Amino acid sequence: MRKAASRVGEARSRWGGALILVALFALGAFFISRIPAEPAFPRYVGAGDPTPRAGGTFEWTVGSAVRTLDPHIAYDTLSFQAVRLVFDGLLDYDDEGNLIPSLARELPEPLDDGRSFRFRLREDVYFHDGTHLDAEVVSFSFHEMLSRSKGSPGYGFFKVLKGAEAYHQGEAERVEGIVVEDRFTIRFDLEERNLTFLNAIALPFAYPVSPKNIERFRGDRAGLARNPVGTGPFVFDDWERGVKLTFKRNAHYFEKNRPNPDTMVMWENVDGTTAARRFRNGDIDILSGAPKVHLLFFQNSPAWKPYLFLEPSVTLFGLAMNCEIPPLDNVHVRRAIAAAIDRQAISDFMLGLVRPTGQPIPPQLKGYDPELPTAQRYDPERAREELRIAGYPNGLPEPIEVWIGEGEGSRNLAQLWQSDLAEVGIPIRLKQVAFSAYLVETAKEKTVPMFVSGWMMDFPDPSNFLDVLFSSKSIHPVHSENRSFYRNAELDDLLDRARGEIDPEKRASLYRAANEIVARDAPWAFLYNAVDFVVVQPYVKGYRHHPVWANEYRGVWLDLPRRAASEKDFDVHSRDEVRTDGVDGGDAR
């Protein structure tokens with residue numbers, strides 16, 4: 001009886017527990033059912049006024065922290081985003097990637113067969129602290145950037161200036177090649193003809209800075225990096241480190257009546273998935289850099305699709321191989337690696353957010369050849385034959401260590417080409433490292449055998465890829481730009497000739513020949529060019545995918561007041577963006 005009673009008690013206990021669980025699940029389902037679902041269409045639309053105008057607050061997120069707001073030091077895309085709001089250059093790029101005047105009145109006058117350039121400056125430009133921009137200020141800014149104490153990573157772009165090296169080494173008080181001709185005219189004299197010098201002038205390293213602000217923070221590099229003063233369309237307001245940066249519209253900007261937002265807010269350290277949720281909820285105004293899985297939602301949403309931008313960026317990604325470390329010092333082993341990888345499989349894995357490539361020059365630049373005879377292609381049989389020629393008919397006896405980035409995404413992608421390489425007899429061992437360690441160690445000679453690498457252009461010219469990444473002049477024992485430590489005298493000669501060639505067709509021909517050599521010698525296994533995935537809110541106007549500047553927001557304006565949207569605002573059977581009939585509340589954000 002006691003056993004029977006005990007069993008009944010256990011049964012009651014189990015049933016009671018089950019009933020409690022059922023009740024909890026039901027209660028949970030009740031509350032979950034009342035959590036608002038993420039909207040399937042934009043939460044807000046604009047007022048429907050096509051006239052560009054100023055006003056409102058524009059907000060966006062970035063995935064990590066901004067490093068610096070000092071244009072002389074900034075050399076990463078996040079810092080560039082912020083720097084370009086606050087500063088202007090003598091030259092800039094239009095939406096087609098063409099050089100245009102900015103602080104200069106017109107494109108510079110070339111002198112001495114392209115060995116000198118005369119710039120005539122605008123006379124109506126003032127820094128945010130009231131300092132008048134003139135030629136002496138431009139000269140001051142260049143000398144500041146080129147000084148050894150500054151340690152600007154942009155110094156290499158301006159070494160071609162006469163006397164730059166002597167000044168940098170402390171052997172001269174001024175750069176001989178920077179000449180102030182009158183108050184608003186400055187001339188740059190070069191050691192040799194170099195057609196990419198004007199591209200260098202358009203880089204943030206060359207943006208004029210306020211001498212008053214430099215002196216205010218003299219000796220305080222951190223203070224200068226956090227308190228920028230430029231001439232740009234926005235004035236720096238506040239930086240809550242690790243959280244957000246705030247900028248205010250420059251009411252005294254030399255370009256009058258710009259239809260910019262009154263406030264720009266750049267939220268730091270927001271992961272891509274959180275950013276996507278905030279964007280769909282209407283909390284931020286533009287989404288860039290979200291994980292690829294979110295692309296599927298926007299691609300398959302008729303309401304969102306008109307606001308989706310998919311644009312190839314001028315980038316290059318692949319596997320860099322240190323040509324000084326065996327067995328990668330053997331060109332046939334490198335060619336085997338390049339032929340073993342299925343680039344289309346990578347593109348499929350990345351949902352089309354990359355475009356397969358087999359050559360160093362991206363498709364947007366002169367010198368790219370869609371029919372390049374030496375282009376790297378997926379060919380496992382050729383990979384095996386190259387290994388045989390290299391003396392490894394049975395595959396490599398030891399695995400090659402390959403450095404990859406941190407995170408599950410980096411490892412998942414690496415496992416794709418790891419499998420391809422193993423299939424032809426090339427075992428590899430993956431090593432995940434922090435980006436900071438990668439930057440230091442891969443730039444040292446005979447240190448890292450093979451690593452994932454990428455390059456986003458500084459300016460739209462093939463030299464920015466071939467000279468930087470593959471010229472022997474870019475090799476240094478440490479801090480090497482040519483991280484493959486690849487040397488080819490024929491290539492160096494072609495690049496030297498191309499650098500000063502005035503005839504556009506001859507110059508393009510030289511770069512095509514250089515492109516062919518690098519693809520053939522395979523210092524990298526060239527894998528893909530990236531595709532940018534950006535979505536904007538319906539009320540955001542003026543956004544254009546820029547061919548040079550990533551996440552360029554200087555030209556956006558807001559169609560205010562925005563209002564709450566409903567499904568009827570979106571005609572999914574047409575390509576019209578939104579209908580603006582009816583008003584159910586406004587928001588002057």
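Values as computed for the structure displayed
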{"read-out": "Among (1) touching a residue at least 40 places away in the same chain (Cβ under 8 Å); (2) in contact with a Leu (Cβ under 8 Å, 6 or more places away or on another chain); (3) closer than 21 Å to R343 by Cα; (4) not basic (K, R) - the single one P449 does not satisfy", "value": "(3)"}
{"read-out": "Single match in L133, L111 (criterion: touching a strand residue (DSSP E or B) at 6+ places or on another chain (Cβ under 7 Å) and at pLDDT 95 or above)", "value": "L133"}
{"read-out": "Region 102-139, residues that are surrounded by fewer than 19 Cβ atoms within 10 Å (Cβ to Cβ), of a type in the set (A, V, I, L, M, F, W, C) and either more than 29 Å from the chain's Cα centre (by Cα) or part of a helix (DSSP H, G or I) (or both)", "value": "L111"}
{"read-out": "Residue list for region 225-245, filter: farther than 13 Å from G555 by Cα and buried (at least 17 other Cβ atoms within 10 Å of the Cβ)", "value": "A225, R226, P228, V229, G230, T231, V235, F236, W239, K244, L245"}
{"read-out": "Any chance L224 is among the aliphatic types (A, V, I, L, M) and in contact with a strand residue (DSSP E or B) (Cβ under 7 Å, 6 or more places away or on another chain)", "value": "no"}
{"read-out": "Any hit, region 191-204, residues being of a type in the set (V, I, T), part of a loop (DSSP other than H, G, I, E, B) and not assigned by TED's automatic domain parsing to the domain that holds G97", "value": "no"}
{"read-out": "Every residue from region 140-184 that is buried (at least 20 other Cβ atoms within 10 Å of the Cβ), among the hydroxyl-bearing types (S, T, Y) and over 25 Å from V125 (Cβ atoms)", "value": "Y167"}
{"read-out": "Region 343-391 - residue that is buried (at least 19 other Cβ atoms within 10 Å of the Cβ) and of a type in the set (S, T, N, Q) and, of those, farthest from V331 (Cα to Cα)", "value": "T357"}
{"read-out": "Pick from region 392-412, criterion within 26 Å of P362 (Cβ to Cβ) and surrounded by fewer than 12 Cβ atoms within 10 Å (Cβ to Cβ), ranking: modelled with the lowest pLDDT", "value": "G407"}
{"read-out": "Residue, farthest from T357 (Cα to Cα), within region 505-542, restricted to residues that are small (G, A, S) and in contact with a strand residue (DSSP E or B) (Cβ under 8 Å, 6 or more places away or on another chain)", "value": "G542"}
{"read-out": "Some residue of region 425-438 being at pLDDT below 95 and of a type in the set (V, I, T)", "value": "yes"}
{"read-out": "Flag if D496 is more than 30 Å from A414 (Cα to Cα) and out of contact with any Ser or Thr (no Cβ under 7 Å at 6 or more places or on another chain)", "value": "yes"}
{"read-out": "Criterion: at negative phi, touching a helix residue (DSSP H, G or I) at 6+ places or on another chain (Cβ under 9 Å) and either modelled with pLDDT of 95 or more or assigned by TED's automatic domain parsing to the domain that holds N98 (or both) - qualifying residue of V535, V556, V578", "value": "V535"}
{"read-out": "Verdict on R118 being of a type outside the set (D, E) and under 16 Å from D182 (Cβ atoms)", "value": "yes"}
{"read-out": "Subset of region 468-509 (residues that are touching a residue at least 60 places away in the same chain (Cβ under 8 Å), outside any loop (DSSP other than H, G, I, E, B) and surrounded by 14 or more Cβ atoms within 10 Å (Cβ to Cβ))", "value": "L469, F470, R499, G500, R507, A508"}
{"read-out": "Residue, farthest from the chain's Cα centre (by Cα), within region 222-277, restricted to residues that are among the β-branched types (V, I, T) and more than 24 Å from S152 (Cα to Cα)", "value": "T263"}
{"read-out": "Tally, over region 347-372, of residues that are in a helix (DSSP H, G or I) and under 20 Å from the mean Cα position of the chain (by Cα)", "value": "1"}
{"read-out": "Residue in region 277-312 that is modelled with the highest pLDDT, counting only those that are under 24 Å from W455 (Cα atoms) and surrounded by 19 or more Cβ atoms within 10 Å (Cβ to Cβ)", "value": "L287"}
{"read-out": "F157 vs. criteria within 27 Å of the chain's Cα centre (by Cα), within 24 Å of V468 (Cα to Cα) and modelled with pLDDT of 95 or more", "value": "no"}
{"read-out": "Residue pairs meeting the criteria (Cβ under 7 Å; at least 6 apart or on separate chains; first in a loop (DSSP other than H, G, I, E, B), in region 373-401; second loosely packed, with under 13 Cβ neighbours inside 10 Å)", "value": "P399/R429"}
{"read-out": "Filter result for K431 (among the charged types (D, E, K, R), in contact (Cβ under 8 Å) with a residue 24 or more places away in the chain and in contact with a Ser or Thr (Cβ under 9 Å, 6 or more places away or on another chain))", "value": "no"}
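Rundown of residues vs (1) under 23 Å from D496 (Cβ atoms); (2) part of a helix (DSSP H, G or I); (3) among the aromatic types (F, W, Y); (4) free of Cβ contacts under 8 Å to residues at least 60 places away in the same chain, yes/no style:
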{"site": "R148", "(1), (2), (3), (4)": "no, no, no, yes"}
{"site": "G151", "(1), (2), (3), (4)": "no, no, no, no"}
{"site": "F157", "(1), (2), (3), (4)": "yes, yes, yes, no"}
{"site": "E165", "(1), (2), (3), (4)": "yes, yes, no, yes"}
{"site": "E171", "(1), (2), (3), (4)": "no, no, no, yes"}
{"site": "E181", "(1), (2), (3), (4)": "no, no, no, no"}
{"site": "I186", "(1), (2), (3), (4)": "no, no, no, no"}
{"site": "D189", "(1), (2), (3), (4)": "yes, no, no, no"}
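The values are calculated or read from the model by the stated rules, or taken from the named source; none is laboratory data. Bear in mind the structure is a predicted one, so any value in this text is a computation, not a measurement. Backbone-built Cβ (ideal geometry, glycine too); neighbour counts: all protein chains shown.
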